[in-house]
1. Could you list, in sequence order, all residues of the range 88-104 that are β-branched (V, I, T) and at pLDDT 95 or above?
2. In this structure, is M46 modelled with pLDDT under 80, surrounded by 13 or more Cβ atoms within 10 Å (Cβ to Cβ), of a type outside the set (S, T, Y) and out of contact with any His (no Cβ under 6 Å at 6 or more places or on another chain)?
3. For the range 1-29, what are the residues that are over 12 Å from I94 (Cβ atoms) and assigned to a loop (DSSP other than H, G, I, E, B)?
4. Being at pLDDT 90 or above and of a type in the set (D, E): is that true of E85 here?
Amino acid sequence: MNRKRWYDIDPTVSRAVAKLEKAEEYIQIRCADFIIDRLKNIDFNMELSLDDQYNYILRRWYDKNIKVSHAMEYLKNAPVDVRKELALEIIDFIKEYTDYAKKF
């Protein structure tokens, strides 16, 4: 059985998540803030309970940081068209921060 991860279904989203995974942790956290900020005003069915916030299991690479984990859950549950558009923005966001960091 060939099971794809939720973000591998769309090549653009897969590329964005791969770039995010390879980014430095501080870039991941800033990108998580960006994702959450972009999606916080979009109405879709997603709730993170207090239990989810404090009792999560470190199974995936993005579970190492609770903010990154929440951002990925928001992205996962976003409408498909919004997710794809945001994936392009994530790629640009990571590139800008990586280029900026190289200057210093």
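1. I90, I91, I94
2. yes
3. M1, N2, R3, K4, R5, I9, D10
4. Here the answer is yes, as E85 does meet what is asked.
The values are calculated or read from the model by the stated rules, or taken from the named source; none is laboratory data. Just so it is clear, the structure is predicted and the values come from calculations on it, not from any experiment. When we count neighbours, we look across all protein chains shown, and the Cβ atoms used for this are built from the backbone with ideal geometry, even at glycine.
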